[in-house]
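For reference, the structure is listed below as structure tokens.
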Amino acid sequence: MNKLRRTFPILALPLALLAAACSTGATATEGDSTRRQLRELLDRQEIHALVDRLATALDEGRFDTFDTIYTADVKAKSPGGEAQGLDAVIALASRTHSNQRRAPHYISNVQIDLAGDRAAVRANAVLAIVPISPVDGRLAPEPLFTSGGAYRFDAVRTPEGWRFSRVETAPVWTTGTLPS
């Protein structure tokens, strides 16, 4: 019950902002300010969801969903190489994320700096690449490679919603050897 009491005010905030935006008692200036705040909250939520969708797509090898995450002309830089364009980014990601290797991504501390239809995004990330036995499908007892560092994204608002136009991973530490 205490958890619900602590969570309810957070869940009610978007509804309260929406109600305030629709209020007939607000002045035009107050209404505009409330709409901007609501738009910013919605933008932040959509960009954060984009980060989550990227982690899931990489974890599951779902490169067919990259067109809902990245722009067509996306630029990527990672320890595995550099790429420009959606097809090249898919090829880059598929080299280290495959059915023979699992690589769970743990992404946290997402920071979003909005500037109209653009945003700079930074997040901490840890990943571990774990080989899978081709014989019995079992996971190896330990990862081949682990890494911790930061993701940096440039996000843009498109007619289809927010997309990343640039992604860069900047490892701070690694163990093992990155599979080629």
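General observations
- Placing dummy labels 7 Å off each Cα toward the beta-carbon, the span from Val172 to Arg152 is 1.5 nm.
- Environment charge at Ala115 (Cβ cut-off 12 Å; Lys +1, Arg +1, Asp -1, Glu -1): -3
- 1.4 Å probe accessible area per residue over region 48-145, in Å²: 55
The values are calculated or read from the model by the stated rules, or taken from the named source; none is laboratory data. The structure presented is a predicted model; accordingly, all values stated were derived computationally and were not measured. With ideal geometry, Cβ positions are generated from the backbone for all residues, glycine too; neighbour counts draw on all protein chains shown. Heads up: the accessible areas ignore ligands, DNA and RNA and are worked out on the full protein's heavy atoms, side chains in. Shrake-Rupley method; radii C 1.70, N 1.55, O 1.52, S 1.80 Å.
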